[in-house]
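In what follows, a single structure is set out as structure tokens and then discussed.
Values quoted throughout were computed directly from the atomic coordinates according to the rules given, and no laboratory measurement underlies them. Keep in mind it's a predicted model, so treat the numbers as computed, not measured. Note that each Cβ is placed from the backbone with ideal geometry, even for glycine, and that neighbours are counted across all protein chains shown.
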Amino acid sequence: MLDEIVELFAPVPEGTVLDATVGGAGHAEALLDRHRQLRVLGLDRDRAALEAAERRLVRFAGRYRLVHARFDRLAEVLAAQPPPFGGAGLVGALFDLGVSSPQLDRAERGFSYRFDAPLDMRMDTTQTRTAADVVNQSSEADLVHILRTYGDEPNARRIARAMVARRPLQRTGELVALLEDTIPAPARRRGGHPAKRTFQALRIEVNGELDVLAPALDAAVDALQPGGRIGVLSYHSGEDRIVKARFRHHETGGCTCPPQLGCRCGALRTVKLLWRGSHTASAAELAANPRSESARFRAATKLESR
Ligand SMILES: C[S@@+](CC[C@H](N)C(=O)[O-])C[C@H]1O[C@@H](n2cnc3c(N)ncnc32)[C@H](O)[C@@H]1O
């Protein structure tokens, strides 16, 4: 969805776009390359991602700044930036949620069921809680909740019971073997690799991915100048639900007055949605990048304050 992201920020005036999940800076590079009026403030909680971003963006020296931070700390990060990256409001904000390909492809990070490695899955390696801690220290009921809520795993109860019985589990390979033994054969033949949902669920739990999303979106909307734009790419129904709800909240100002009577509560609408619902990947994108199958893209523009 690179072209759509580049197009989203074409009409914004000169200023700073927040790339809240800069990763390897594929999006940031395209924005700096295609829009001469833009600077990028790139955040990531993963220091390895920031090193890759630095290498990719070096030719745009002076037009970008990279900060090691979780995106829900946006207000604090903005306050600490010297001009021109701090101070004035943002002209744009981009969130490309979830895990990156380099995180999945580096075996030692423990995100992938394709390699045997320590059960880690921390995006920020300065954090202490790992996937092994989640698997080995959570109650069976909490594991069921994690697998169902973050992985939509239909065999959550069976898997959680097996995890508790086989503890301690320290390696991704041990977890994959457990899943292969535990998930019934017909279910194993459906819906991709049998470990996919469990690995996604553990990753979301380890990194508290859904907990930090709503406050981060609110802070980004707050920081936008009137006319500034926000775009969010999500890959999981739980993420997209939060994005949709926060966009709706900012679109209505939280107003719950019956539509036929008009708004009488004085709610302040802060954004206008650029389209209803979410955009999904085109057939060409799906062919080039299978991960885009679950991508949902939503966007809004900040309104003038009254
Ligand atoms: C899908 S990748 C982004 C890829 C990027 N758009 C690019 O073009 O290369 C998501 C990135 O967001 C980071 N991330 C996830 N949650 C975060 C959070 N709460 N705060 C900061 N960074 C986060 C991950 O570490 C990862 O590098």
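First check a/c for the stretch 106-206, with a ≥ b ≥ c the square roots of the eigenvalues of its C-alpha gyration tensor; if it is under 1.5, answer rounded, and if not, answer prolate when a/b is larger than b/c or oblate otherwise. Cα axes put the stretch 106-206 in the prolate bin. The ranking of Val176, Val212, Val91 by Cβ neighbour count inside 10 Å, starting from the fewest, reads Val212, Val176, Val91.
Candidate cross-link partners of Lys272 among the lysines, defined by an alpha-carbon separation under 18 Å and a same-chain spacing of 8 or more, comprise Lys244, Lys302. Among the GluC sites (Glu not before Pro) in the stretch 236-306, those located in a DSSP loop and surrounded by at most 12 other Cβ atoms within 10 Å of their own Cβ are Glu304. All C-alpha pair distances within the stretch 36-97, sorted into 5 Å bins from zero, spread as 4, 15, 30, 28, 19, 4 percent across the bins. Across the alpha-carbon atoms of the chain, the computed radius of gyration and Dmax are 20.6, 60 angstrom.
Run down the aspartates and glutamates and flag those whose C-alpha is under 16 Å from the C-alpha of Lys196, throwing out any fewer than 8 positions away in its chain. Output for Lys196: Asp105, Asp116, Asp120, Asp152, Glu153, Glu174, Glu180, Asp181, Glu205, Glu293. The GNM of the chain, with springs linking C-alpha atoms under 10 angstrom apart, assigns the highest mean-square fluctuation among Leu210, Leu94, Leu286 to Leu286.
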